[in-house]
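The numbers here are math on the coordinates, done by the rules we state, and not lab data. The shown structure was predicted, so the numbers you read here are calculated from the model rather than taken from an experiment. Cβ sites come from the backbone with ideal geometry, for glycine too, and all protein chains shown count toward neighbours.
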Amino acid sequence: MGFRLKGFPGKGTFKRGVHPPERKNLSQDISIEVIPPPEKLLIPLLQNIGEACKAVIEPKQEVVFGEKIADADGFISAPLHAPLSGKIAKFAMTTLPNGRHVKAIQIDAHKEQVSEDALWHDMFFRDWPKDVYSLFSSEEISKRIRNAGIVGLGGAAFPTHVKIKYNQKKSIDALLVNGCECEPYLTTDYRVMVEAPEPVITGALFAAMATNAGQIVVCIEDNKPLAVKAISNAAKGTGIKVAVLKTKYPQGSERHMIKAVMNRVIPLGGLPGDVGVVVSNVATIAAVARAVLYEKPLTHRVVCVTGGGIKRPANLLVPLGMSYRALIDYCGGMTENAARILSGGPMMGFSFTDLDMPVTKGTSGITVLTHDEIKRDKETACLRCGRCVDVCPMALVPARLALAARKRDVEMAEKYNIMGCLETGCCGYVCPANIPLIQLIRAGKAMVMTNRKLQSKN
Ligand code: SF4
Ligand code: SF4
């Protein structure tokens, strides 16, 4: 459809970045399906950036759908709620996609559960009035968002009430609702926008009320015309604008979206609030509408299960805590040539092997790639071609960062600003020497973090 950005100071795109094959056609036309409730769930106590929760229930206790099961005192945290009715079986350990081992609560499900139709209605097809946002104070909106345990569903898992609140120190003039979903393959946000645009619009009005943002812009890439149409129709009469941005990876990064729409540059190490903007993902904003209007907690999320290695790609509404294995089985299992399983998409996702890992609030998708889709040859020495530098959207020198990580050289990693890396994967995508740049850079960042912690203790 071509990108259009009339009335905004930005140019609708950003410098550098890459154009990987989109492959969204595998799942983009498949409606969201509510997955039948499983027999058990394993709910990790850490599902957000920040503090882990502490259980507020005991083994053998009965819980009902939506009941709070864990909470934390810290501001940067979000409580957890039972995604179905059942009995607390035990506490156990589980692994997250980033390899971290965390405590979890196992719930054994009761036979009787809310029907799939009722669940779908509960999530997306209630009344979504657009004229009631001013009835709620900023504090009340933030409080309801926190009570509902909402975190960024685009993958960042940052507690939403921390972003969506009135901040006396930082004046906010714009709320950008992120519907770019620039990660190849994934169609989670796309389906939410196409099938449930109304809660996105209502949630955006609440978020703008809470942050005092005078303008609301829903940002969508130009490869999603149906989403642009659905959101534009739902937004009629509200003053909410839709910005259609050029399809390029990583257009959905907050920093690059703000530049593309508002022509504002977040300082290095800064946040969107530093330039007067709050950014929140479309599915998160839909959850905000449900939390504020109906005081409903976040118990489910849409997960896109896709890739050439999946027999029947799907977009599924899933209870948190369901295993990746159960989702893959529900989609007919993996094809014979399946070669790699990723939590997330191929650019920023984490490769994993433990299929018993549970879905968390940050699970935007599961991508199973075939050998053909990976097509990686053997790693060779760096050719010093500079391609990684040409595409890095943060203007870093990825080859140097990878070298610093290999040499365990903290000073060099800091000098080349490894913590400025957004882990977009653009560098590894173009590297002709097949150097696993993003994996090395992630290891380098962990090394720097450990060093900083040690230094602060001394
Ligand atoms: S160095 Fe980081 S931000 Fe730059 S391209 Fe590589 S992964 Fe992306
Ligand atoms: S793209 Fe790969 S081969 Fe080229 S400079 Fe970067 S790390 Fe070296």
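How high is the relative contact order of region 399-458? Use alpha-carbon pairs under 8 Å, at least six apart in sequence, and give a whole percent.
Contact order relative to length: 42 percent.
Can you tell me what share of the DSSP beta bridges in region 109-248 is antiparallel? A percent to the nearest 5 is fine.
Close to 10 percent.
When a/c is below 1.5 the answer is rounded, else prolate if a/b is larger than b/c, else oblate, so apply that to region 334-458 with a ≥ b ≥ c taken from the square roots of the Cα gyration tensor eigenvalues.
Verdict is oblate for region 334-458.
Using every Cα-Cα pair within region 387-457, state what percent have a distance larger than 15 Å.
Beyond 15 Å sits 45 percent of the P(r) for region 387-457.
Can you run the Rg to Rh ratio on region 302-378? Use alpha carbon positions and the Kirkwood inverse-distance Rh.
A ratio of 0.95.
Starting from the Kirkwood radius over alpha-carbon pairs of region 258-303, derive D by Stokes-Einstein at 37 °C in a medium of 0.692 mPa s and give it in µm² s⁻¹.
257
What is the local net charge at residue 180, summed over the other residues whose Cβ is closer than 14 Å to its Cβ (Lys, Arg +1; Asp, Glu -1)?
For residues surrounding residue 180, the net value is -1.
Taking region 41-84, how much of its Cα-Cα pair set, in percent, is spaced more than 12 angstrom apart?
Value for region 41-84: 58 percent of Cα pairs lie more than 12 Å apart.
Taking only the alpha-carbon positions of region 237-373 and ignoring solvent, what does the Debye formula give for the base-10 log of I(q)/I(0) at q = 0.09, 0.16, 0.17 Å⁻¹?
-0.37, -0.99, -1.04
Would you compute, from DSSP H runs of 4+ residues alone, the mean residue ellipticity of the chain at 222 nm, taking -39500 (n - 2.57) per run and dividing by the full residue count, rounded to the nearest 500?
Here the helix-only value at 222 nm equals -8500 deg cm²/dmol.
Name the residue from 451, 410, 395 whose Cα lies farthest towards the positive end of the charge dipole of region 387-457, charges +1 on Cβ of Lys and Arg and -1 on Cβ of Asp and Glu.
About the Cα centre, the residue reaching furthest to the positive side is 451.
Show me 279-287, 245-253, 111-119, 160-168 ranked by packing, highest mean number of other Cβ atoms within 10 Å first.
Packing proxy ranking, top to bottom: 279-287, 245-253, 160-168, 111-119.
What is the P(r) of region 348-416, as percent of Cα-Cα pairs per 10 Å bin from 0?
That works out to 14, 30, 34, 22, 0, in percent per bin.
Please identify the helices of the chain, taking whole runs of DSSP H, that span at least 20 Å along their own axis as judged from the Cα atoms and have a mean Kyte-Doolittle score of -0.5 or higher.
Span-like helices in the chain: 197-211, 437-457.
To make sure I understand the rule: partners must be lysines, Cα under 18 Å from the Cα of residue 415, and not fewer than 8 residues away in the same chain. Which ones qualify?
Candidates past the 8-residue exclusion: 407, 445, 453.
For residue 111, which lysines qualify as cross-link partners when the Cα separation must be under 18 Å and same-chain residues fewer than eight apart are set aside?
Within the straight-line limit of under 18 Å, residue 111 reaches these lysines: 40, 60, 87.
Considering only DSSP beta bridges with both partners in the chain, what is the antiparallel share in %, to the nearest 5?
DSSP beta bridges in the chain are roughly 65 percent antiparallel.
Taking amide H positions as placed 1.01 Å from N in the peptide plane, with prolines and chain starts having none, which residues 5 or more places from residue 339, or on another chain, fall under 5 Å of its amide H?
369, 370, 371
How high is the FRET efficiency between residue 453 and residue 406 when r is their beta carbon distance and R₀ equals 30 Å, given to the nearest 0.05?
Approximately 0.90, to the nearest 0.05.
Give me the compactness ratio for the chain, meaning the Cα radius of gyration over 2.2 N^0.38 Å.
It is 0.95.
What does the charge count around residue 116 come to, taking other residues whose C-beta lies under 11 Å from its C-beta (Lys +1, Arg +1, Asp -1, Glu -1)?
-3
Determine one quarter of the surface area of the Cα convex hull of region 47-204, which equals its mean projected area, and express it in nm² to one decimal.
It is 11.6 nm².
In the chain, if the dipole is taken from +1 on Lys/Arg beta carbons and -1 on Asp/Glu beta carbons about the Cα centre, which of 353, 261, 332 is farthest to the positive end?
Farthest along the dipole direction, towards plus: 261.
Going by average Cβ neighbours within 10 Å, how do the peptides 390-399, 201-210 rank, with the highest at the top?
The densest-packed peptide leads the list: 201-210, 390-399.
Could you size up the charge dipole of region 387-457 around its Cα centre, putting +1 on the beta carbon of Lys and Arg and -1 on that of Asp and Glu, and report it in debye to the nearest 20?
280
Which of the lysines could be linked to residue 296 by a straight reach, that is with a Cα gap under 16 Å, when you skip same-chain ones fewer than 8 residues away?
Partners within reach: 68, 143, 361.
Assigning unit charges at the beta carbon (Lys, Arg +1; Asp, Glu -1) and nothing else, what dipole magnitude in debye, to the nearest 20, does the chain show about its Cα centre?
1620
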